[in-house]
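I have placed the structure first, in the form of structure tokens, so that the comments after it can refer back to it.
The values are calculated or read from the model by the stated rules, or taken from the named source; none is laboratory data. These numbers come from a predicted model, not from an experiment. Note: ideal-geometry Cβ built from the backbone for every residue, glycine included; neighbour counts use all protein chains shown. For the accessible areas, the whole protein counts, side chains as well, though only heavy atoms, and no ligand, DNA or RNA atoms are used. Shrake-Rupley method; radii C 1.70, N 1.55, O 1.52, S 1.80 Å.
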Amino acid sequence: MSLSLLHWHIEPSSICTLKCPRCPRAEVPESLLNKQLTLDFFQNQVGDDVIKEMKRITFCGNDGDPIYCNELIEIIQWIKSINPTINIVIITNGSYKKDEWWERLAHTLNKYDEINWSLDGWNQETNEQYRINSEWGSIISGIKTFKKFNSSTYTVWAMIAFKFNENHIDKIKRIAIEHSFDCFQLTLSTKFGSKYPQAYGDNDALEPSAEMVPEGHRFKRNIEILSNKRRRTEDIKSEYKKKIFELKDKGVIPRLCLIGNKGVFLNSRGEFYPCCWTATRYEHNAKWTEASKKKFNLNERTFDEIINDEFWSNEFLEFDNLECRTKCSSDKLISIDYMTEW
């Protein structure tokens, strides 16, 4: 098995309350299935032995938000009972959950963990210019409640630069500081008309100024540390770097899925992929999404059967998928930062 399994990126739920226009939920609604994983699935289809070997799990969906998984807290509690020091990362918009739920989550996570709140505005009106149908009041209440009962878990305010907010970054950052966030993350996206005119047109109302759009086809993140709290996601980067040099010594191009930083992806239907990019429901991934319905589905085959499939030793290593060619080409896999950034 050539894939690195130390980091898993898991979509526990494809359900979401939001209608973000650049999300696959909005762009390819015809193939969307609202599904969620259960505690029973993790216990029986994933299992203790696999959990013990993981260093990190990122709960984040291609289609959905992890907090809308009915048994998310129970799943995390079970994982922590097996692997207490695993790094759990939750990426969420944070809307509509009651304070009691956030209190339970606060008592479940610990100093090894992290929550990223994805917030692009500074109030209800501005935040839902992209995060359509979000609820600012419940978001802020959830943040306050979580922090009241948990001061050890690392917290990140994660915003995407758009035309409507690019001149208000300092204002948004001040709110993050007021709520005692440990980090402010500004993501520069590529999903705009200048990159994909056929999809978003030549006059994209969401697109920010040119300096806010990265070159190439992968996002870029600018990080500003707001506290002296230790971020456990940084600890695992030493393992990524070790893997990079091991691969280079063998004459192997250090693809992101071979390093582990992107994480092997498990979606809400139990389908296993080398990364979340290959799992998006866009047409260029049709070969992957069809294969994963049966061949790489943990509801159809055991994990051992999937990872020992001969596919990973031959056809997979061609890396001929569009996502591999644009995001993991050899010319891009030179920068250590590029290779170790999630």
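For residues that are more than 16 Å from residue 106 (Cβ to Cβ) and touching a helix residue (DSSP H, G or I) at 6+ places or on another chain (Cβ under 8 Å), scanning just region 129-143, find the one that is surrounded by the fewest Cβ atoms within 10 Å (Cβ to Cβ).
Only one residue tops the list, namely 137.
Quick check on residue 174: is it under 22 Å from residue 57 (Cβ atoms), assigned to a helix (DSSP H, G or I) and not aromatic (Phe, Trp, Tyr)?
Working: under 22 Å from residue 57 (Cβ atoms): no; assigned to a helix (DSSP H, G or I): yes; not aromatic (Phe, Trp, Tyr): yes.
Answer is no for this residue.
State whether one or more residues within region 266-276 are surrounded by 22 or more Cβ atoms within 10 Å (Cβ to Cβ), of a type in the set (D, E, K, R) and under 27 Å from residue 15 (Cβ atoms).
Checked against the condition, which is being surrounded by 22 or more Cβ atoms within 10 Å (Cβ to Cβ), of a type in the set (D, E, K, R) and under 27 Å from residue 15 (Cβ atoms), region 266-276 yields at least one hit.
Which one of these is in contact (Cβ under 8 Å) with a residue 60 or more places away in the chain, under 20 Å from the mean Cα position of the chain (by Cα) and more than 18 Å from residue 46 (Cβ to Cβ): 269, 281?
Values: 269 fails: more than 18 Å from residue 46 (Cβ to Cβ).
When all the criteria are applied, what remains is 281.
Test of understanding: among 176, 210, which residue is hydrophobic (A, V, I, L, M, F, W, C), open to solvent by 30 Å² or more (accessible area, probe 1.4 Å) and either at pLDDT 95 or above or under 23 Å from the mean Cα position of the chain (by Cα) (or both)? Show your work before the answer.
Numbers: 176 fails: open to solvent by 30 Å² or more (accessible area, probe 1.4 Å).
Only one candidate qualifies: 210.
Among the residues of region 213-234 satisfying the criterion of being over 21 Å from residue 154 (Cβ atoms), open to solvent by less than 60 Å² (accessible area, probe 1.4 Å) and not basic (Lys, Arg), which is modelled with the highest pLDDT?
213
From 22, 56, which residue is of a type in the set (Lys, Arg) and surrounded by 19 or more Cβ atoms within 10 Å (Cβ to Cβ)?
Of the residues listed, the single one that is of a type in the set (Lys, Arg) and surrounded by 19 or more Cβ atoms within 10 Å (Cβ to Cβ) is 56.
For residue 151, state whether it is without any contact (Cβ under 8 Å) to a residue 40 or more places away in the chain and closer than 30 Å to residue 109 by Cα.
Details: without any contact (Cβ under 8 Å) to a residue 40 or more places away in the chain: yes; closer than 30 Å to residue 109 by Cα: yes.
Taking the combined requirement at face value, the residue satisfies it.
Tell me which residues, restricted to region 66-92, are within 18 Å of residue 268 (Cβ to Cβ) and either of a type in the set (Lys, Arg) or open to solvent by 10 Å² or more (accessible area, probe 1.4 Å) (or both).
Within region 66-92, the subset within 18 Å of residue 268 (Cβ to Cβ) is 66-76, 78-79, 88-92.
Of everything in region 66-92, those that are within 18 Å of residue 268 (Cβ to Cβ) and either of a type in the set (Lys, Arg) or open to solvent by 10 Å² or more (accessible area, probe 1.4 Å) (or both) turn out to be 68, 70, 71, 74, 78, 91.
Exactly one condition in (1) open to solvent by 50 Å² or more (accessible area, probe 1.4 Å); (2) farther than 30 Å from residue 29 by Cα; (3) out of contact with any Pro (no Cβ under 9 Å at 6 or more places or on another chain); (4) in contact (Cβ under 8 Å) with a residue 60 or more places away in the chain is not met by residue 237; state its number.
Answer for residue 237: the failing condition is (1).
Does region 85-100 include one or more residues that are under 30 Å from residue 50 (Cβ atoms) and acidic (Asp, Glu)? Lay out the reasoning, then the answer.
Here is the first cut: in region 85-100, the ones under 30 Å from residue 50 (Cβ atoms) are 85-94, 97.
Checking which are acidic (Asp, Glu) leaves us with none.
The answer is no, given that none of the residues of region 85-100 is under 30 Å from residue 50 (Cβ atoms) and acidic (Asp, Glu).
In region 321-337, what count of residues is obtained for those that are open to solvent by 80 Å² or more (accessible area, probe 1.4 Å) and either in a loop (DSSP other than H, G, I, E, B) or in contact with a Pro (Cβ under 6 Å, 6 or more places away or on another chain) (or both)? Talk me through it step by step, then tell me what you get.
Filtering region 321-337 down to residues open to solvent by 80 Å² or more (accessible area, probe 1.4 Å) leaves 325, 331, 334, 337.
Applying the additional criterion that residues be either in a loop (DSSP other than H, G, I, E, B) or in contact with a Pro (Cβ under 6 Å, 6 or more places away or on another chain) (or both) yields 331, 334.
Counting residues in region 321-337 that are open to solvent by 80 Å² or more (accessible area, probe 1.4 Å) and either in a loop (DSSP other than H, G, I, E, B) or in contact with a Pro (Cβ under 6 Å, 6 or more places away or on another chain) (or both) gives 2.
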